[in-house]
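Engineer: Sharing a structure, written as structure tokens. Questions coming.
What follows is calculated from the coordinates using simple rules that are stated; it is not laboratory data. Worth saying up front: this structure is predicted, and the values here are computed from it rather than measured. Counting neighbours? That spans all protein chains shown, and the Cβs are built from the backbone with ideal geometry, glycine included.
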């Protein structure tokens, strides 16, 4: 049997799990105190839902679950059964599709607007050599049923509050609108059907610069007049919200400006929000505002989200406005572990050693001590000194020996 | 697209999730204050581990994950690919196998004995018509590396403490030893290889009585002399720990008696522990003590566990003693929901209504109120009265309207 976990997944040690739980509790408490309500959905979804969910690249990364019993037999009886015939369910790749299904299934029992928390695992069959996790945790808040940009404002303020409270500092919120992206491409004269391809190239501007974007557009054989018109937008180095207003629907700019202004006012300027015209976000289901959080010194986003006004409509006969913001918990956990994050004001943890003939009495003694300490009852080891060293490296703060009068001794005292 | 969750899985509403989180926190806090350390392991395990894990009936209930990419192509290229060729991983059916693998993988970084908490989801492909969940939560504590029955005593005391604290009353702990079962069958003259079949029949004694057991043994063609000798053990109606001592290794009885005495002493007689000779527990990996908790008025166990001294040895070159106790969280949740469980001392939850032109100011006002309340900021609805009724049914305790001087109004005041 194999002792290592499945490739791309991780075992978490007790001290890691303790910090993960602590961080998740802070995020949960922050979201919950803002009136968001937690729900839970299954990790498994029907294939038909996953396949039609417009998840972009993620649709190629779904772990599929083999059919069972007679359905499997009948699939296998075919000459060359396909993946579709063999699997009827899959592991979810994000929490947005399950939420959309959930809302369609339970809307009569939910408040409107529905402000919802999801903190749970998702799965992507990334190639393991890329060093990415195949099982990871996301912490999402979403607002369903509010078409106003107030929802974006609240999500940005609440998500950044959680980031602040877990101890992440020095980050910025980047914001854009999918419709502005489309308008810019249309202004340059590109064909609408190339939008996705164009977006993927434009998204690289942070890494390769606007000259790199130009080169890649040319390599891909796009019309030179369109490319030149597009690149001319960046003549001053950047494309600001003011300047983009000349080439896109003005209402989109007004909406983004209102979001930026409100976040700045309410946070008293402590949350930097910045228009970023090359921000794309991969999922196909986004329809309007998109945003992400970038931590200084780390590439890639630590949180991301946007508006997906059509996804719930795929389950219902009407479109329902929705917008969500997801914290990539593993990124946050990684960054904070690098910074030697520790848990403030943790209850002290001690061992109570016992001898077998007085075990019951030692248990009663330990129970009394639990008012003040976390207490683990452990048979007295043969080499006590060596064992105490091990306890200390495992995060224990002290010990007591049942039957000895001198009570609790804390390490280093 | 399909709005309902996958068959046999559930969406949990906000008020259900709130109670589930509350119950899990109590269990977690109880286990943690006794010095148990939480770990997390992936939901996916390699097929080779699952297949060899001696999980009894559960091995037929594993959700299998289809291979991907070239490995799938090559499996499909065969004439009649088997299930084994098509799947390389599966969803875990319990938390004991993952823990055994985890311990083998990480033992050098863990304290010995290792006292561990797992609270997580497991998966079984039950036939949906049986009304059983296919995705459900287990709350386990295990002690690895302690061959003494002290481990059983601590697990029983700690698990029942958690059950008491979530509000479950009126239950009893049933206890037995797999080796006593074997000795009884051997005493009656049955062949060792029939032990599993015999155990399955004997396990039904609670439902069908000892006469039913006799009839079923006869139907199954077991030797009449053996049956008669076996049934004669129950001539006085039950088989007590005293009477079983005549037909099995006396040390097993001494060990069980010590567990029963210690739990009774430490709990001051509040935890009833009862020897139950027909207790079997399904998993094949149990090697010694087995136990479960039965709640009065409910059939089936709400918690169960036992000693599995050989399972970790399948990953390492040496056997490591281990024993675990698992709370079937869904049973507990179901029972407490029937009893209209509510959360004591919850912070009061209110809505703050705003008008769009003063949204930013309302957000600042709400933030101030969060010292005393859980506050959800909501656009003022057109029909306020009707909306207030809905808020109340959703568990809100009151509201305030931003810009009106009279502050927070609590419902019913």
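Engineer: Springs between alpha-carbon pairs under 10 angstrom, Gaussian network model over chain A: which of A:81, A:321, A:128 fluctuates most?
Structural biologist: Of A:81, A:321, A:128, the most mobile in the Gaussian network model is A:81.
Engineer: Oh, and also: Whole-Å semi-axes of the range A:201-314's equivalent ellipsoid, largest first, each the root of 5 times a Cα gyration tensor eigenvalue? The partial results should precede the final answer.
Structural biologist: On the way: eigenvalues 130, 64, 57 Å².
Equivalent ellipsoid semi-axes, largest first: 26, 18, 17 Å.
Engineer: While we're here: Enter the mean number of other protein chain beta carbons within 10 Å of the beta carbon of each residue in B:12-18, as an integer. The partial results should precede the final answer.
Structural biologist: Numbers: counts 7, 7, 13, 2, 3, 8, 4.
Rounded to a whole number, the mean comes out at 6.
Engineer: From the label point of residue B:85, set 7 Å along Cα to the beta carbon, how far off in nm is each other copy's matching point, shortest first?
Structural biologist: Result, one decimal in nm: 1.5.
Engineer: While we're on this one: Could you state the principal axis extents of the C-alpha atoms in the range B:349-410, from the largest down, to the nearest angstrom?
Structural biologist: 27, 26, 18
Engineer: First obtain the Kirkwood hydrodynamic radius of the range B:25-169 from its Cα pairs, then insert it into the Stokes-Einstein equation at 4 °C and 1.567 mPa s, and state the resulting D in µm² per second as a whole number.
Structural biologist: Numbers: Rh = 17.4 Å.
This corresponds to a translational diffusion coefficient of 75 µm²/s.
Engineer: Compute the angle between helix B:178-188 and the longest alpha-carbon principal axis of chain B, please, reported from 0 to 90 degrees and rounded to the nearest 10.
Structural biologist: Approximately 30 degrees, to the nearest ten.
Engineer: With everything on Cα atoms, drop me the angle between helix B:384-393 and the longest principal axis of chain B, reported from 0 to 90° to the nearest 10.
Structural biologist: That works out to roughly 20 degrees.
Engineer: Here is a further query. Quick one: with label points 7 Å out along Cα→Cβ, list the inter-copy distances for residue A:228 in nm, shortest first?
Structural biologist: Going from nearest to farthest copy, the values are 10.9 nm.
Engineer: Sorted by mean Cβ packing within 10 Å, highest first, what order do the peptides A:43-49, B:37-43 take? Intermediate results must be reported in sequence, preceding the final value.
Structural biologist: Values: A:43-49: 20.7, B:37-43: 23.0.
Packing proxy ranking, top to bottom: B:37-43, A:43-49.
Engineer: For B:320, A:343, what ranking results if the residue with the fewest other Cβ atoms within 10 Å of its Cβ goes first?
Structural biologist: Working: B:320 23, A:343 13.
Ranked by crowding around the Cβ, least crowded first: A:343, B:320.
Engineer: Out of A:175, A:312, A:200, any idea which swings most in a Gaussian network model of chain A, alpha carbons joined below 10 Å?
Structural biologist: Most flexible of the set in this elastic network: A:200.
Engineer: Roughly how far apart, in whole Å, are the Cα centres of the range A:300-371 and the range A:79-95?
Structural biologist: Computed from Cα coordinates, the inter-centre distance equals 31 Å.
Engineer: Same structure again: How many partner chain Cβ atoms sit within 10 Å of a residue's Cβ in peptide A:375-383, on average, as a whole number?
Structural biologist: Details: counts 3, 9, 8, 7, 5, 0, 2, 0, 0.
Counting other chains' Cβ atoms within 10 Å and averaging over A:375-383 gives 4.
Engineer: Okay, next question. What does the average come to when, for each residue of peptide A:83-95, you count the partner chain Cβ atoms lying within 10 Å of its Cβ?
Structural biologist: Numbers: counts 7, 0, 0, 8, 5, 2, 4, 3, 5, 0, 0, 0, 0.
Mean partner shielding for this stretch: 3.
Engineer: In Å and from the alpha-carbon atoms only, list the Rg and Dmax of chain B.
Structural biologist: Reported Rg and Dmax, both Å: 26.5, 90.
Engineer: For the range B:286-358, take every pair of Cα atoms, bin their distances at 10 Å starting from 0, and report each bin as a whole percent.
Structural biologist: The distribution over the range B:286-358 is 15, 25, 20, 17, 11, 7, 5, 0, given as percents.
Engineer: How high is the relative contact order of chain A, given as a whole-number percent (alpha carbon pairs under 8 Å, six or more residues apart)? Don't skip to the end; give the middle numbers.
Structural biologist: Values: 624 pairs, mean separation 68.8, N = 413.
Relative CO of chain A lands at 17 percent.
Engineer: List the extent of the Cα atoms of the protein assembly as shown along each of their three principal axes, largest first, rounded to whole Å.
Structural biologist: Largest first, the protein assembly as shown extends 96, 70, 57 Å along its Cα principal axes.
Engineer: For chain A, what is the mean residue ellipticity at 222 nm derived from helices alone (per DSSP H run of n ≥ 4: -39500 (n - 2.57); sum divided by total residues; nearest 500 deg cm²/dmol)? Please report the intermediate quantities before stating the final value.
Structural biologist: On the way: 15 runs with 161 residues, N = 413.
-11500 deg cm²/dmol, from helical runs alone.
Engineer: Please report, for residue B:196, the nm distances (one decimal) from its label point, 7 Å out from Cα along the beta-carbon direction, to the equivalent points in the remaining copies, shortest first.
Structural biologist: Spacings between copies for this position, smallest first, are 5.0 nm.
Engineer: Further question: What are the extents of the Cα atoms of the range B:184-258 along their three principal axes, listed from largest to smallest and rounded to whole Å?
Structural biologist: Principal-axis extents of the Cα atoms in the range B:184-258, largest first: 38, 25, 19 Å.
Engineer: For chain B, set up a GNM with springs between Cα atoms under 10 Å and report which of B:124, B:370, B:92 has the largest fluctuation.
Structural biologist: Between B:124, B:370, B:92, it is B:370 that shows the largest mean-square fluctuation.
Engineer: Next question, about the same structure. Using only Cα atoms, tell me the angle between helix B:250-266 and the longest principal axis of chain B; keep it within 0 to 90° and round to the nearest 10.
Structural biologist: Compared with the principal axis, the helix lies near 30 degrees.
Engineer: Continuing with this model, one more query. Rounded, prolate or oblate, given the Cα gyration tensor of the range A:169-210, with a/c below 1.5 counting as rounded? Before the final figure, lay out each step's value.
Structural biologist: On the way: a/c = 2.87, a/b = 1.81, b/c = 1.58.
Prolate is the answer for the range A:169-210, as a/c is 1.5 or above and a/b outweighs b/c.
Engineer: Just to be sure I understand the model, the point goes 7 Å from the Cα along the line to the Cβ. What's the resulting residue B:70 to residue A:343 distance in nm?
Structural biologist: Each label point lies 7 Å from its Cα, and together they span 4.5 nm.
Engineer: Let me ask something additional. Hey, could you pull the Cα Rg and Dmax for the range B:83-236, both in Å?
Structural biologist: Calculated on Cα positions, Rg and Dmax stand at 20.2, 55 Å.
Engineer: Contact order normalised by length for the range B:270-378, with contacts defined as Cα pairs under 8 Å and 6 or more residues apart; what percent is it?
Structural biologist: Numbers: 125 pairs, mean separation 17.5, N = 109.
Computed over the range B:270-378, the figure is 16 percent.
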